[in-house]
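The values are calculated or read from the model by the stated rules, or taken from the named source; none is laboratory data. Computed from a predicted model, the values in this text were never measured in an experiment. Backbone-built Cβ (ideal geometry, glycine too); neighbour counts: all protein chains shown.
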């Protein structure tokens, strides 16, 4: 079912996803891949395309690509090589890109997605490795080039044209991102540009087997953008076809602000890349034992982690789903749990409600969350062992968020430990009853809600420090006697 | 101190080690010779006198303090295609004017580590494309033996300055004969090592699967020493062979007992100048006298070598020269409206005719519709040429042949006919295609007093026997002692 | 692909110099086009002889030696200082390489 709402055409979508690999150094030279450095400070003769410079392959980039392939169910090519893709552009230091043409590292594979309750496997055609291009920056009368990014290892994952709607496309992208972050091969952060996506979209009438004319869409930089661009294209192409026009095979540019696609000026008048084998690099023939060893040591897949959270920690499916959605959050959860292993549900609740809430409010990811997993665990432990009550715990949480510090220290410094001393609570309970005779009377007459009010009074009088469970029990006992 | 400029590497080292002279003395003497001679030879693009003298003085200081580099204080001239830190690296092209190398080529760094002094950058065909050094954007180098004749190419400048005693030794590069052929035309020694024997890091690439740096010297012994220092695995060059480097000096035995020399019948079918063929045959007799056994071998795919070479070399070059676009270094055209316009203008203005021709040809043979018919097919023919040599080397230890079908010819003679120029590469290009090693040693003079070179070929990593044959022949033949009338 | 280029594919005779020069981002004067057309046609006719050879079953030589798996460790190594890198550029700002405006 396509999203154009017209239901008249069948949509076929393929995605080409480029993922920057999480290596320390670039694909073919020792320059740093650190994001955000001042322009042109991570450069050398190789990634600047100086005369006489030569590429040398980054071993880890190969490993991470193979691991990605294994995580995605691909076959690893026993013999693989690199090729030159020749075209001219300012972001190209050599005016050819070293990539893989006919013998990529990985072939086949697939990603399971779920859209509208329906599970589906999206096929992967191939995964290959190449070098990223530099960054072009645009000013009024000139453009500038920053070569920091030139040469960063880039993994290209090409899907089969199995996607049939914008919803499936974004689901695929999210599933892919989840698996790759689980694999630890990339941060897959679209905003930082370490995951980029090009889409192909064509429409055809039902009953036709031949695919319609394929339009390529570039400049998709967010997951929302994938959906938006494809939804727009579906409508645009459907309208054109309805009006009897032919779809031009072209590359179009997604504009996130205008929310439309427009025709791009082509980089090359003729797309003749003149591929030939890269003479400066030797082929890659990984020994079967090496690939087997990597396969045996693969990180857990998201699905497996979800299932383990249920089986190992007794968490409900829902919790497992939420916690395992992002590897970094799942890691955080388990790091906290290592400190207080006996309280998985409590940790789960805290992470799902409080931690994720803050992440959403502050639009940050867990990497930037101010409270370390171990520190959160300490706080949860104080609440679980009833040193502090749940309200106090939330207050301490807020304090830790903005001011840092350890839960234990804060509780001590501010004397926030809840009072569980029977005599002390008795005093306050008596005081609350004395000051609120009407409520006491209401409770004796069967109004349950009056009890809540009285508990509230006890808390107020004790400046929040009374153990609320004890206070409740004592009130009930006292009032029952009355 | 005079006469130092006429010495070779080993002789200079002997004098330096015996404290009979200083490195500064040698450099000064060379500068004197250059001052007297280079005006009529034009072998050097730049000399860098002050810098060379400073290096020489540093070498002298080091020697006084007990340093023992294998080339300590020996001046070496460098073909303008090699990156030497702090020096311009122009490849004799306008498009690279202004570019100063921020790094040393590995081969240069290894020579430097042994104390070598770098004096001067020598003229060449632009981007190493040519066989006469007439394609330099700046000047034509003249053959010291006859100033009206070409010195050969593309390392014509290096060959000329060594032959004219304007240098003690020089570095060249060889993609299709560019070290061996000018060595032959100028009467010096020129060695192209096996592909991957010397690192290409820092050698401006012409054809990546064919290029090698090579020493150009006054004796085989000097070439062996330079090879020894430069050769070996380099982590900066993935195509550099990991094989250990043998002791090349140990190969320099003065006889050829037990050596089988192959004569490829396809190289002696009468297409060469009779005086060239006469000199080669005389050299072969000398080798026989030294104990070598002469055997007949066949290289049946020889007729296809030039075509194969010019498809593969230009294809790789078209990609290797794409980086020259005026953005990151070199010269840039003005008035461009967009980047593509910038590239087109910069490359139109910056490249000479031969470079443009080869880029166009290389782009063509890779282009859609032609890739299989030309590039892919040429790579297959290359396999056949390689197999020819593997087969031949089962019957012999080294192959002897001419270097070029003619001696040096007059400047301008082959100007308008590039194909004619290419056909002269018939004996040199197969060596690069097969990845094997080859050396030219002087073996005679024509009646018009132009040098002829004997080419000695060995299998991949077979430099030992090639050096042995070259050294033994050289000592017996004596042609390397001849000097041009200057 | 231009018509001339396509025709050449069939004829195997002449090379469309203007078309190919454009792929290689080379401007040529009319005089150069004429000269190169003649010279390159002759050269292409010469290299055509490799098409006559039987290469059935022959593997192309992609690399001279059968070397495989040449890698370097994933370690950061200092490169060029920005000033060094920018210094060689014909046109640059304080920290970027300058080109005429790119229209995407």
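Tell me, yes or no, whether region B:323-334 has at least one residue that is within 21 Å of the chain's Cα centre (by Cα) and within 28 Å of residue B:131 (Cβ to Cβ). Scanning region B:323-334 turns up no residue that is within 21 Å of the chain's Cα centre (by Cα) and within 28 Å of residue B:131 (Cβ to Cβ). Taken over region B:345-354, the criterion of being more than 10 Å from residue B:94 (Cβ to Cβ) and at the interface with another protein chain (Cβ under 8 Å from one of its Cβ atoms) is satisfied by B:345, B:347, B:348, B:353. When A:105, A:48, A:64 are checked against the criterion of being closer than 24 Å to residue A:25 by Cα, buried (at least 22 other Cβ atoms within 10 Å of the Cβ) and at the interface with another protein chain (Cβ under 9 Å from one of its Cβ atoms), A:48 stands alone in meeting it. Among the residues of region A:121-137, those that are surrounded by fewer than 21 Cβ atoms within 10 Å (Cβ to Cβ) and either within 14 Å of chain C (Cβ to nearest Cβ) or at pLDDT below 95 (or both) comprise A:133, A:135, A:136, A:137. Among the residues making up region B:447-486, those that are under 22 Å from residue B:428 (Cα atoms) and part of a loop (DSSP other than H, G, I, E, B) are B:450, B:459, B:460, B:461, B:462.
Would you call residue A:56 touching a strand residue (DSSP E or B) at 6+ places or on another chain (Cβ under 6 Å) and within 10 Å of chain C (Cβ to nearest Cβ)?
Against the criterion (touching a strand residue (DSSP E or B) at 6+ places or on another chain (Cβ under 6 Å) and within 10 Å of chain C (Cβ to nearest Cβ)), residue A:56 qualifies.
Find the residue count for region A:159-173, including only residues that are part of a helix (DSSP H, G or I) and either at positive phi or touching a residue at least 60 places away in the same chain (Cβ under 8 Å) (or both). The total comes to 6.
Filtered by the rule that a residue be surrounded by 15 or more Cβ atoms within 10 Å (Cβ to Cβ) and over 18 Å from the mean Cα position of the chain (by Cα), region A:178-215 gives A:198, A:199, A:200, A:201, A:202, A:203, A:204, A:212, A:213, A:214, A:215.
For residue A:196, are the conditions met, namely being closer than 17 Å to residue A:49 by Cβ and out of contact with any helix residue (DSSP H, G or I) (no Cβ under 9 Å at 6 or more places or on another chain)?
No, not satisfied.
Here region C:21-79 is the region considered, the condition is being under 30 Å from residue A:288 (Cα atoms) and more than 14 Å from chain A (Cβ to nearest Cβ), and the residue that is surrounded by the fewest Cβ atoms within 10 Å (Cβ to Cβ) is C:57. Out of B:119, B:45, I need the residue that is more than 30 Å from residue A:47 (Cβ to Cβ) and either assigned to a strand (DSSP E or B) or within 14 Å of another protein chain (Cβ to nearest Cβ) (or both). Which one? Result of the check over B:119, B:45: B:119. Taken across region A:100-117, residues that are outside any loop (DSSP other than H, G, I, E, B), touching a strand residue (DSSP E or B) at 6+ places or on another chain (Cβ under 6 Å) and under 30 Å from residue A:41 (Cβ atoms) do not occur at all.
Considering B:342, B:366, the condition of being facing chain C (nearest Cβ under 7 Å) and either over 28 Å from the mean Cα position of the chain (by Cα) or at pLDDT 95 or above (or both) is satisfied by B:342 alone.
Hey, can you tell me all the residues within region A:442-482 that are at positive phi and free of Cβ contacts under 8 Å to residues at least 24 places away in the same chain?
Within region A:442-482, A:446, A:463 qualify.
Residues in region B:437-446 that are part of a strand (DSSP E or B) and either surrounded by fewer than 24 Cβ atoms within 10 Å (Cβ to Cβ) or modelled with pLDDT under 95 (or both): 2 in all. Among the residues of region A:221-243, is there at least one that is more than 14 Å from chain B (Cβ to nearest Cβ), part of a loop (DSSP other than H, G, I, E, B) and over 34 Å from the mean Cα position of the chain (by Cα)? Yes, that holds for at least one residue. Quick one: would you say residue A:69 is assigned to a helix (DSSP H, G or I), out of contact with any helix residue (DSSP H, G or I) (no Cβ under 8 Å at 6 or more places or on another chain), more than 11 Å from chain C (Cβ to nearest Cβ) and modelled with pLDDT of 95 or more? In short, yes. Mind telling me which of the residues A:150, A:140 ends up being surrounded by 19 or more Cβ atoms within 10 Å (Cβ to Cβ) and out of contact with any strand residue (DSSP E or B) (no Cβ under 6 Å at 6 or more places or on another chain)? One residue alone meets the criteria, A:150.
Here the helices (runs of 4 or more DSSP H) wholly within region C:6-104 that include at least 2 residues being at pLDDT below 95 and over 26 Å from the mean Cα position of the chain (by Cα) are C:82-87.
Is it true that residue A:78 is surrounded by fewer than 23 Cβ atoms within 10 Å (Cβ to Cβ), assigned to a loop (DSSP other than H, G, I, E, B) and either within 14 Å of chain C (Cβ to nearest Cβ) or without any contact (Cβ under 8 Å) to a residue 24 or more places away in the chain (or both)?
Yes: the conditions hold for residue A:78.
Scanning region A:369-398 for residues that are within 29 Å of the chain's Cα centre (by Cα) and part of a loop (DSSP other than H, G, I, E, B) yields a total of 4.
Checking each residue in region B:226-247 for being crowded, with 23+ Cβ neighbours inside 10 Å and in contact with a strand residue (DSSP E or B) (Cβ under 8 Å, 6 or more places away or on another chain) picks out B:226, B:227, B:230, B:231, B:238, B:240.
One residue stands out in region A:26-44 among those that are at the interface with chain C (Cβ under 8 Å from one of its Cβ atoms) and surrounded by fewer than 24 Cβ atoms within 10 Å (Cβ to Cβ): the one that is farthest from the chain's Cα centre (by Cα), namely A:44. Of note, residue B:241 does not satisfy the criterion of being more than 26 Å from residue B:129 (Cα to Cα), touching a residue at least 40 places away in the same chain (Cβ under 8 Å) and assigned to a loop (DSSP other than H, G, I, E, B). Condition check for residue B:357 on (1) at the interface with chain C (Cβ under 8 Å from one of its Cβ atoms); (2) free of Cβ contacts under 8 Å to residues at least 40 places away in the same chain; (3) in contact with a helix residue (DSSP H, G or I) (Cβ under 7 Å, 6 or more places away or on another chain): one failure, at (2).
Filtering region B:380-391 to residues that are surrounded by 23 or more Cβ atoms within 10 Å (Cβ to Cβ), at the interface with chain C (Cβ under 7 Å from one of its Cβ atoms) and within 24 Å of the chain's Cα centre (by Cα) leaves only B:382. Being at pLDDT below 95, within 24 Å of residue C:99 (Cα to Cα) and facing another protein chain (nearest Cβ under 7 Å) holds for only one residue in B:373, B:336, and it is B:336.
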